[in-house]
Amino acid sequence: MTANRPSVTRDLLHTSWLLAVETALGTGAVYASIVLVFALATPDSGAGVVAACLGLVAAAVTLPVVTVAVTARRGYRIAPVAVVTAGPLLVAGALTVVGR
């Protein structure tokens, strides 16, 4: 019995959406970690700032892991590979562009 696999078009659309989310979260997580360091060093910074930064960093770390596990299990072929290989490259590219 053959497994039902998603079409290549659906896989490409899913991949582009996941890469866009990963790029935004990864770029934001870098800046959130910088803000977190300064917030922890400043005694008057609120707990909300620290919680928001920790949440963003945690989301940026767990999203690729969960995405790869779920998309591979659902039968996608392009999305798991792209999230692991192209995702970090897109984050680095976005940081380079934003940092200029």
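Compared with the dominant Cα axis of the chain, that is its longest principal axis, helix 79-99 is turned about 40°. Note: relative contact order over the chain, using C-alpha pairs below 8 Å and six or more positions apart, is 42 percent.
Computed log10 I(q)/I(0) for the chain at 0.13, 0.21, 0.22 Å⁻¹: -0.55, -1.00, -1.05, from the Debye equation with unit scatterers placed on every C-alpha and solvent omitted.
With the helix formula -39500 (n - 2.57) applied to DSSP H stretches of n ≥ 4, the chain reaches a computed 222 nm mean residue ellipticity of -29500 deg cm²/dmol. When only the Cβ of Lys, Arg, Asp and Glu is charged (+1, +1, -1, -1), the dipole of the chain relative to its Cα centre reaches about 460 debye.
Please determine, in degrees from 0 to 90 and to the nearest 10, the orientation of helix 8-41 with respect to the longest principal axis defined by the Cα atoms of the chain, where the helix direction is its Cα long axis. Helix 8-41 sits at roughly 10 degrees to that axis. For the pair ARG10 and VAL35 in one chain, pulling the backbone fully straight at 0.36 nm per residue adds 5.3 nm over the alpha carbon distance.
Per residue, segment 12-51 exposes 59 Å² of solvent-accessible protein surface, assessed with a 1.4 angstrom probe and all protein chains in place.
The values are calculated or read from the model by the stated rules, or taken from the named source; none is laboratory data. Owing to the predicted nature of the structure, the values given are computational and were not obtained by experimental measurement. Every residue, glycine among them, receives a Cβ derived from its backbone with ideal geometry; neighbour counts consider all protein chains shown. All accessible areas refer to the heavy atoms of the entire protein, side chains included, with ligands and DNA or RNA removed. Shrake-Rupley method; radii C 1.70, N 1.55, O 1.52, S 1.80 Å.
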